[in-house]
Amino acid sequence: MSATRVFLLASALARLIERERGGQLVRQGYFPEGPSRSTHVLLEGDAGHLVLVSQPSTEPLKDLAAISRLQAEALLELATGQVELQNVSVDIGSHTAAIHRFISPGPLDLITIVFKQDKAARKFQPPAWFGPEVTTDPSYKSRVIALAGLPSLPEVEVTDAALNSLLDTLDNRAGEPQPRPSPAARAPETFEPALDPEAEQEFDRLNIEDSVIRELARSLQPQGR
């Protein structure tokens, strides 16, 4: 049986992750919930879906029906409540975390990890850059946020341990080699030795740390994001 765990995330760290990895704008519109099922519409990029969630005795069952962008936008206008967010994916070891940066009805940053088995979910140890866990708090569910608004948000502190932990996660970027000029593009009389892997990784880390310092400086300014 699959299981999901949800954590808060400091806004400054969420901005850094989004800038490093990009993201996908998502809109969700929710309709009133029935006794045994609920319905919402999902628009992600140009892909629209109508989602029916049934509540059997075990775990919820989702039935997705593909619809056009125009149909999704029409249903969003009819929905009782909506959320708009930016989704960003980050690999954490053998797991993939989804960063949810809520834009509407207000700012909120969450981390969600879906596990194939409940045992794996229980064994998972969140890294230091994760905030407090809110898995069992229904007020952080997208449906509740869309229909009732944002919950009371505790402040998530950015500690040195959290920052260093996130930098370690972003350093482990698979499949992103640094571009180098080809030998033919170099002047004949010039030779620049390539950095060894450890030096190159340190160079990347310094660039990320410089970005983090600027982001944290901006986050300490009075204005909101």
Label point distance in nm, residue 139-residue 19, each placed 7 Å from Cα along Cα→Cβ: 3.1 nm
Whichever lysines have a C-alpha closer than 25 Å to that of residue 62, once near sequence neighbours (fewer than 8 apart) are set aside: 116, 119, 141
Nitroxide proxy distance, nm - points 7 Å out along Cα→Cβ at residue 55 and residue 71: 2.7 nm
Magnitude of the charge dipole, segment 1-110, Cβ model with Lys/Arg +1 and Asp/Glu -1, debye to 20: 160 debye
Loop trypsin sites (Lys or Arg not before Pro), segment 59-112 (other Cβ atoms within 10 Å of the site Cβ: 13 or fewer; DSSP): none
Residue 95/residue 160 FRET efficiency (R0 30 Å; Cβ-Cβ; nearest 0.05): 0.80
Residue-by-residue Karplus 3J(HN,Hα) for segment 19-32, coefficients 6.51, -1.76, 1.60, Hz, glycine and proline x: 5, 6, 10, x, x, 10, 6, 10, 10, 10, x, 10, 10, x
Gap separating the Cα centres of segment 91-133 and segment 9-85, nearest whole Å: 17 Å
Orientation-averaged projected area, Cα convex hull of segment 3-148 (nm²): 9.2 nm²
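Quick note: the coordinates plus some simple rules give every number you see, no bench work behind them. Because the structure is predicted, anything quoted here is derived from the model rather than measured. Note that we place each Cβ from the backbone using ideal geometry, even for glycine, and neighbour counts take in every protein chain shown.
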